[in-house]
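Each reported figure results from applying straightforward, stated rules to the coordinates on display, with no laboratory input. Since this is a predicted model, take the numbers as computed values, not measurements. Here the Cβ is made from the backbone with ideal geometry for all residues, glycine too, and neighbour counts use every protein chain on show.
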Amino acid sequence: MKYLLLACLAAATLGAQETSEQRQAKHHFDLAAIRAAANFRSADSIDARLRQDGAVLHPRLSVLRMRIEAALSEAQFEMDQHDYPATEDALTRADALLDRLAKEIGGY
């Protein structure tokens, strides 16, 4: 549910006079939030199927999800503070974690 909130926050505008740095950071954040939502839905459906069979999703996937959410939250905070280099750093971490999550669940 939190990832849907992040996607909604990503849709908020930064103001009428956006710089190219602001637009780039917002675009990068939007892409990362959408990718996170897609991967989280995949993990949720895999988890639901495993639970039907009496198994559970590996705990490291839950840890990855929490780290991705934390990186996206940090990116949103830094973007709100207009610290775009820090925003890009947080989004780079989120992208790397999303790559790991996608690999773990068999995604792209």
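Points to keep in mind about this one:
- Applying a DSSP loop filter and a limit of 13 other Cβ atoms within 10 Å to the GluC sites (Glu not before Pro) in segment 13-108 leaves Glu18.
- For Arg41 and Val63, the difference between the fully extended length at 0.36 nm per residue and the C-alpha to C-alpha distance is 6.4 nm.
- Each Cα pair of segment 56-108 feeds into the Kirkwood radius, which the Stokes-Einstein equation turns, at 37 °C and 0.692 mPa s, into a diffusion coefficient of 287 µm²/s.
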